[in-house]
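Student: Structure incoming, see below.
The values are calculated or read from the model by the stated rules, or taken from the named source; none is laboratory data. Just so it is clear, the structure is predicted and the values come from calculations on it, not from any experiment. Here the Cβ is made from the backbone with ideal geometry for all residues, glycine too, and neighbour counts use every protein chain on show.
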Amino acid sequence: MPETHQNYYLRNIIGEYMAELGMTNDKVVVVNADLMGTCRNRSFVEAFPERSFNVGIAEQNMVSFAAGLAHEGFIPYAFSMAPFISMRACEQCRTDVAYNNMNVRLISTYSGVSGGISGATHWALEDCAIMCAIPGMTVMEPCDPLQAKKMLECSAEHSGPIYIRSSVEPVINVYDSDYCFEIGKASLAKDGNDGAFICSGITVKYALSAAEIVKKNTGKEIRVIDMHTLKPLDRQAIIDAAKTGKIVTAHDHNVSGGLGQLVAEVIASEKLKTDFVNLGIEDKFVPMAHAPYLYHKFSLDDEGLARTMIELINKED
């Protein structure tokens, strides 16, 4: 396990790494909707001005424009905020990109409630539900800097459309330099057989801390599964997790249509025997507040996750 004390911002990591990706593949281009600063595209734009396109504040046009570039053989990375890609440009993502199986990479920031006091208009609590419902769309969410880079590397070789969501809240180092990333294959962030946290993105760091709290208080070893690919989902990882008898999912997303419901479908369809709790943002419009406050309110932080798992453990007594 690497040192985790330093905080990193994934939009910085992703934006800066695009320049490296551009050096290795001359088909890579960047399209943005006048959010070069927000999405940290400046290094790519400076290195490859002829492969950079700013369409203005027009996400629908941005996605259609990216689809056209993909049709001509380029690999466009279209950057914007998660609510604007997934909702404002939803029809273009579905019809222009996915229906034609275009190699467009939709890169979003401000996922979940990570936009904090920007409020509901700038939160994306529905984006995974929307994107996972689009046929052929791969949906991913990185949790640490190394994984984000490897995710981008794999995306350049992948065939078909991809949606990647990331938080603006800081993350930590989770994986060592020898970490192997594979689309559709969950990563084991921590092993354990007394219960399992299944999470993605920002909640992975909280689950790792929660697992330590649970161990300190109960002596139980809790597995932490990083479900970085929400579609296609790693069903086997969920089947294996159910053998621990306790699964808690955590996702910075509406509880309806998020990771928890995806996991619940596997539990039900495979007839798995396990206690199960789905943690996420309540299915209502939540008043604006800073993200850490909201994570605490909805039990998505380490304290809430640990408490939820300990309650399941105590049910055995």
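Student: Can you give me the number of residues within the range 240-275 that are over 21 Å from the mean Cα position of the chain (by Cα) and on the phi < 0 side of the Ramachandran plot?
Tutor: 13
Student: Here are VAL263, VAL248, VAL224, VAL214: which of them is surrounded by 24 or more Cβ atoms within 10 Å (Cβ to Cβ), within 22 Å of ILE162 (Cβ to Cβ) and of a type outside the set (Lys, Arg)?
Tutor: Within the list VAL263, VAL248, VAL224, VAL214, the selection yields VAL263.
Student: Now a separate question. Out of ALA120, ALA148, ALA156, ALA207, report the one residue that is among the small types (Gly, Ala, Ser) and in the same structural domain as PHE285 (by TED's automatic domain parsing).
Tutor: ALA207
Student: Now for a separate question. Which of the residues spanning the range 26-41 are farther than 15 Å from LEU106 by Cβ and in contact with an Asp or Glu (Cβ under 9 Å, 6 or more places away or on another chain)?
Tutor: The one that is farther than 15 Å from LEU106 by Cβ and in contact with an Asp or Glu (Cβ under 9 Å, 6 or more places away or on another chain): ARG40.
Student: Suppose we filter the range 70-85 for residues that are among the aliphatic types (A, V, I, L, M) and closer than 15 Å to GLY22 by Cα; how many remain?
Tutor: Number of matching residues: 2.
Student: Right, another one. Just to be sure I understand, how many residues within the range 23-76 are hydroxyl-bearing (Ser, Thr, Tyr), part of a helix (DSSP H, G or I) and closer than 22 Å to MET87 by Cα? Spell out the reasoning first.
Tutor: Initially, the range 23-76 is screened for residues hydroxyl-bearing (Ser, Thr, Tyr), giving 24, 38, 43, 52, 64.
Now narrow it down to the ones that are part of a helix (DSSP H, G or I): 24, 43, 64.
If we keep only those that are closer than 22 Å to MET87 by Cα too, we end up with 64.
Summing the residues that are hydroxyl-bearing (Ser, Thr, Tyr), part of a helix (DSSP H, G or I) and closer than 22 Å to MET87 by Cα in the range 23-76 gives 1.
Student: Scan the range 113-121 and tell me whether some residue there is part of a helix (DSSP H, G or I), on the phi > 0 side of the Ramachandran plot and not β-branched (Val, Ile, Thr). Give the steps one after another, and end with the answer.
Tutor: The first filter runs over the range 113-121 and keeps only residues part of a helix (DSSP H, G or I), leaving 116-118, 120-121.
Now narrow it down to the ones that are on the phi > 0 side of the Ramachandran plot: 116.
Among the residues that remain, those that are also not β-branched (Val, Ile, Thr) are: 116.
Yes, some residue in the range 113-121 is part of a helix (DSSP H, G or I), on the phi > 0 side of the Ramachandran plot and not β-branched (Val, Ile, Thr).
Student: Let me ask something else about it. Among (1) crowded, with 18+ Cβ neighbours inside 10 Å; (2) on the phi > 0 side of the Ramachandran plot, which single condition is GLY136 missing?
Tutor: Going through (1) crowded, with 18+ Cβ neighbours inside 10 Å; (2) on the phi > 0 side of the Ramachandran plot one by one, GLY136 breaks only (1).
Student: Could you list all residues from the range 123-179 that are under 14 Å from GLY258 (Cα atoms) and among the small types (Gly, Ala, Ser)?
Tutor: Result: ALA124, ALA129, ALA133.
Student: Within the range 14-57, can you find the residues that are closer than 23 Å to ALA89 by Cα, in contact (Cβ under 8 Å) with a residue 40 or more places away in the chain and surrounded by fewer than 17 Cβ atoms within 10 Å (Cβ to Cβ)?
Tutor: none
Student: Looking at (1) closer than 30 Å to LYS297 by Cα; (2) modelled with pLDDT of 95 or more; (3) among the aliphatic types (A, V, I, L, M), which one does MET102 not meet, given that it meets all the others?
Tutor: Exception for MET102: condition (1).
Student: Scan the range 156-163 and give yes if some residue there is surrounded by 18 or more Cβ atoms within 10 Å (Cβ to Cβ) and under 21 Å from ALA250 (Cα atoms), otherwise no.
Tutor: Just the residues of the range 156-163 that are surrounded by 18 or more Cβ atoms within 10 Å (Cβ to Cβ), to begin with: 161-163.
Okay, now just the ones that are also under 21 Å from ALA250 (Cα atoms), so 163.
Within the range 156-163 (the criterion being surrounded by 18 or more Cβ atoms within 10 Å (Cβ to Cβ) and under 21 Å from ALA250 (Cα atoms)), the answer is yes, since at least one residue qualifies.
Student: Answer yes if at least one residue in the range 101-121 is surrounded by fewer than 18 Cβ atoms within 10 Å (Cβ to Cβ) and farther than 22 Å from GLU282 by Cα, and no otherwise.
Tutor: Keep residues of the range 101-121 that are surrounded by fewer than 18 Cβ atoms within 10 Å (Cβ to Cβ), which gives 101, 117-121.
With the extra rule that they be farther than 22 Å from GLU282 by Cα, the set shrinks to 101.
Looking for residues that are surrounded by fewer than 18 Cβ atoms within 10 Å (Cβ to Cβ) and farther than 22 Å from GLU282 by Cα, one finds at least one in the range 101-121, hence yes.
Student: Could I ask something else about it? Can you tell me which residue in the range 281-317 is nearest to GLY116 (Cα to Cα), limited to those that are in contact with a Phe, Trp or Tyr (Cβ under 8 Å, 6 or more places away or on another chain) and not in a loop (DSSP other than H, G, I, E, B)?
Tutor: Checking each candidate, the answer is TYR295.
Student: Next question, about the same structure. Check the range 294-305 and report whether any residue there is assigned by TED's automatic domain parsing to the domain that holds MET227, among the polar types (S, T, N, Q), out of contact with any Lys or Arg (no Cβ under 6 Å at 6 or more places or on another chain) and surrounded by fewer than 18 Cβ atoms within 10 Å (Cβ to Cβ).
Tutor: Of all residues in the range 294-305, those assigned by TED's automatic domain parsing to the domain that holds MET227 come to 294-305.
Keeping just the survivors that are among the polar types (S, T, N, Q) gives 299.
The next check asks that each one be out of contact with any Lys or Arg (no Cβ under 6 Å at 6 or more places or on another chain); those that pass are 299.
From the residues that got through so far, the ones that are surrounded by fewer than 18 Cβ atoms within 10 Å (Cβ to Cβ) too are none.
So far as the range 294-305 goes, no, none of its residues is assigned by TED's automatic domain parsing to the domain that holds MET227, among the polar types (S, T, N, Q), out of contact with any Lys or Arg (no Cβ under 6 Å at 6 or more places or on another chain) and surrounded by fewer than 18 Cβ atoms within 10 Å (Cβ to Cβ).
Student: If you don't mind, there's one more thing I want to ask. Report yes if LYS273 is assigned to a loop (DSSP other than H, G, I, E, B) and within 22 Å of GLY119 (Cα to Cα), otherwise no. Working first, answer last.
Tutor: On the way: assigned to a loop (DSSP other than H, G, I, E, B): yes; within 22 Å of GLY119 (Cα to Cα): no.
Considered against the rule, which asks whether it is assigned to a loop (DSSP other than H, G, I, E, B) and within 22 Å of GLY119 (Cα to Cα), LYS273 comes out as no.
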